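Visitor: This is the structure I have questions about; it appears just below.
The values are calculated or read from the model by the stated rules, or taken from the named source; none is laboratory data. Just so we're clear, the structure is a prediction, and the values are computed from it rather than from any experiment. Note that we place each Cβ from the backbone using ideal geometry, even for glycine, and neighbour counts take in every protein chain shown. Surface areas here come from the heavy atoms of the whole protein model, side chains and all, with no ligands, DNA or RNA. Shrake-Rupley method; radii C 1.70, N 1.55, O 1.52, S 1.80 Å.
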Amino acid sequence: MDKYLIVGLGNPGSEYEMTRHNTGFMVLDAFAKASNIVFEDKRYGFIAETSLKGRKVFLLKPTTYMNLSGNAVRYWLNKENIDQSRLLVISDEVALPLGQFRLKASGSNGGHNGLGHIQQLIGQDYARLRMGIGNDFPHGMQVNWVLGKYNDEELKILQPSIDLSVEIIKSFVLAGIDITMNQYNKLGKGKKTET
């Protein structure tokens with residue numbers, strides 16, 4: 001049976017819930033809810049399992065804290081013998097406006113600590129879904145921004161992208177990265193505002 005590992009990046013603990021840096025966790029929570037599955041506390045992370053048309057899907061929310069996310073990713077890839085081409089990592093992205101997203105087959109970590117640590121341990125060759133959180137912060141205040149909580153207005157903007165992300169995960173598992181990028185990246189750019 002083909003196996004897939006879907007990783008949402010974030011920090012464990014109630015103080016980090018609903019923060020921008022935990023957007024990856026929020027996507028996996030939405031997927032788990034839609035799939036009627038629950039997370040269990042296992043080694044290096046919370047794990048939920050489901051299957052899609054005969055493919056086994058593992059959802060992983062690392063409990064290593066963001067900067068050591070690679071430990072959890074590498075452990076679960078090895079433990080379940082999952083090919084790296086079947087790994088999708090979901091993270092927050094300050095370079096994209098809130099509500100936009102971009103799916104890529106590989107690439108640099110873009111300065112993201114979680115992606116950076118994964119890259120150190122397994123290289124750049126894995127799919128990632130970057131969820132825009134905007135960058136409306138003064139110079140030098142990025143940490144406060146990413147660890148800040150979403151307000152209700154922001155959550156309204158973000159929710160459609162989270163809903164779409166659930167579909168993106170399914171498409172990644174069933175159709176592969178290329179078809180999924182072609183289908184969804186145009187939706188992730190958001191509407192251009194008239195100036």
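Visitor: Which one, Pro138, Pro160, Asn182, is farthest towards the positive end of the dipole of the stretch 102-186 when Lys and Arg carry +1 and Asp and Glu -1 on their Cβ?
Guide: Asn182
Visitor: Where both residues lie in the stretch 12-171, what percent of DSSP beta bridges are antiparallel, nearest 5? Don't skip to the end; give the middle numbers.
Guide: Values: 16 of 22 bridges.
Taking every DSSP beta bridge with both residues in the stretch 12-171, the antiparallel ones total about 75 percent.
Visitor: On to the next question. Along the stretch 110-115, what does the Karplus equation 6.51 cos²θ - 1.76 cosθ + 1.60 (θ = phi - 60°) give for ³J(HN,Hα), rounded to whole Hz, x for Gly and Pro?
Guide: Working through the residues one at a time gives x, x, 7, 4, x, 5 Hz.
Visitor: Compute the distance in nm between two label points, each set 7 Å from the Cα along the Cα-to-Cβ direction, one at Glu40 and one at Asp163.
Guide: The answer from the label model is 3.2 nm.
Visitor: Quick query: amide H of Gly107 versus all other amide H atoms, modeled in the peptide plane; which residues come in under 5 Å with a sequence gap of 5 or more or a different chain?
Guide: Long-range HN contacts for Gly107: Tyr126.
Visitor: A follow-up question, please. Per residue of the stretch 57-72, what does 6.51 cos²θ - 1.76 cosθ + 1.60 with θ = phi - 60° give for ³J(HN,Hα)? Whole Hz please, x for Gly and Pro, Karplus curve as stated.
Guide: So the Karplus estimates, Gly and Pro as x, are 10, 9, 9, 10, 10, x, 10, 8, 6, 3, 5, 10, 4, x, 4, 5 Hz.
Visitor: Roughly how many debye, to the nearest 20, is the charge dipole of the chain about its Cα centre, given +1 on each Lys and Arg Cβ, -1 on each Asp and Glu Cβ, and no other charges? Write down the numbers at each step before the final one.
Guide: Values: 23 positive and 20 negative charges, 107 e Å.
Result for the chain is approximately 520 debye, rounded to the nearest 20.
Visitor: To the nearest 500 deg cm²/dmol, what mean residue ellipticity at 222 nm is calculated for the chain from DSSP H runs of n ≥ 4 alone, each contributing -39,500 (n - 2.57), summed and divided by the residues?
Guide: On the way: 6 runs with 75 residues, N = 195.
Counting only the DSSP helices, I get -12000 deg cm²/dmol.
Visitor: If you don't mind, another one. What is the stretch 74-181's relative contact order, in percent, from Cα pairs under 8 angstrom and six or more apart in sequence?
Guide: Values: 125 pairs, mean separation 34.8, N = 108.
About 32 percent, as a whole number.
Visitor: Please report, to two decimal places, log10 I(q)/I(0) for the chain at q = 0.09, 0.11 Å⁻¹ as given by the Debye formula with identical point scatterers on the Cα atoms and no solvent.
Guide: Debye intensities relative to I(0), on a log10 scale: -0.29, -0.44.
Visitor: Using a 1.4 angstrom probe on the protein heavy atoms only, line up Arg128, Arg102, Arg43, Arg55 by accessible area, largest first. Can you show the working numbers first?
Guide: On the way: Arg128 0, Arg102 100, Arg43 130, Arg55 65 Å².
These residues rank, largest area first, as Arg43, Arg102, Arg55, Arg128.
Visitor: Show me, for the stretch 15-24, the HN-Hα J-couplings you get by feeding each phi into the Karplus relation (A = 6.51, B = -1.76, C = 1.60, θ = phi - 60°), rounded to Hz, glycine and proline as x.
Guide: Listing the rounded values in order: 5, 9, 4, 6, 8, 4, 5, 9, 4, x Hz.
Visitor: Give the carbon-plus-sulfur fraction of the accessible surface of the stretch 48-195 in %, rounded to a whole number; probe 1.4 Å, heavy atoms of protein chains only. Intermediate results must be reported in sequence, preceding the final value.
Guide: Values: 3650 of 7530 Å².
The computed percentage sits at 49.
Visitor: Under a 5 Å amide H to amide H cut-off, with H placed in plane at 1.01 Å, what residues pair with Phe46 once short-range neighbours are removed?
Guide: Residues meeting the amide H criterion: Lys61, Thr63.
Visitor: Then there's this: Compute the acute angle (0 to 90°) between the alpha-carbon long axis of helix 152-175 and the principal axis of greatest extent of the alpha-carbon atoms of the chain; round to the nearest 10°.
Guide: That helix lies at roughly 30 degrees to the long axis.
Visitor: May I pose another question? Give me D for the stretch 8-73 in µm² s⁻¹, whole number, from Stokes-Einstein with Rh from the Kirkwood sum over alpha-carbon pairs, 25 °C and 0.890 mPa s. All intermediate terms of the calculation are to be shown ahead of the outcome.
Guide: On the way: Rh = 12.0 Å.
Approximately 204 µm²/s, per Stokes-Einstein.
Visitor: Return the loop-located trypsin sites (Lys or Arg not before Pro) in the stretch 146-195 (DSSP other than H, G, I, E, B) with at most 14 other Cβ atoms within 10 Å of their own Cβ; answer none if there are none.
Guide: The qualifying sites are Lys189, Lys191, Lys192.
Visitor: Would you pull out the residues with amide H under 5 Å of Val57's amide H, same chain only if 5 or more places away, H placed 1.01 Å from N?
Guide: Here the answer is Tyr4, Thr50, Ser51, Leu52, since their amide H atoms fall under 5 Å of that of Val57.
Visitor: Right, another one. Relative to the Cα centre, what is the charge dipole magnitude of the stretch 49-139, using +1 at the beta carbon of each Lys and Arg, -1 at the beta carbon of each Asp and Glu, and rounding to the nearest 20 debye? Mind showing how you got there, number by number?
Guide: Numbers: 11 positive and 7 negative charges, 68 e Å.
Value, rounded to 20: 320 debye.
Visitor: Still on this structure, I have one more. Please go through the stretch 11-65 and write out the GluC sites (Glu not before Pro) that DSSP classes as loop and that have at most 15 other C-beta atoms within 10 Å. Intermediate results must be reported in sequence, preceding the final value.
Guide: Details: sites: Glu15, Glu17, Glu40, Glu49; in loops: Glu17.
Here the GluC sites (Glu not before Pro) that fit, given the DSSP loop and packing criteria, are Glu17.
Visitor: Continuing with the same structure: Report the far tail of the P(r) of the stretch 104-177, meaning the percent of Cα-Cα pairs longer than 21 Å. Don't jump to the answer; show the numbers that get you there.
Guide: Numbers: 1206 of 2701 pairs.
Of all Cα-Cα distances in the stretch 104-177, 45 percent exceed 21 Å.
Visitor: Check the straight Cα-Cα distances from Lys42 and name the lysines below 29 Å, setting aside those fewer than 8 residues away within the same chain.
Guide: The reachable lysines, counting only those whose Cα sits under 29 Å from Lys42, are Lys3, Lys33, Lys53, Lys56, Lys61, Lys79, Lys104, Lys149, Lys170.
Visitor: So, for the stretch 57-169, what is the accessible surface per residue at a probe of 1.4 Å, expressed in square angstrom?
Guide: Working: 5040 Å² over 113 residues.
Heavy-atom accessible area per residue stands at 45 Å².
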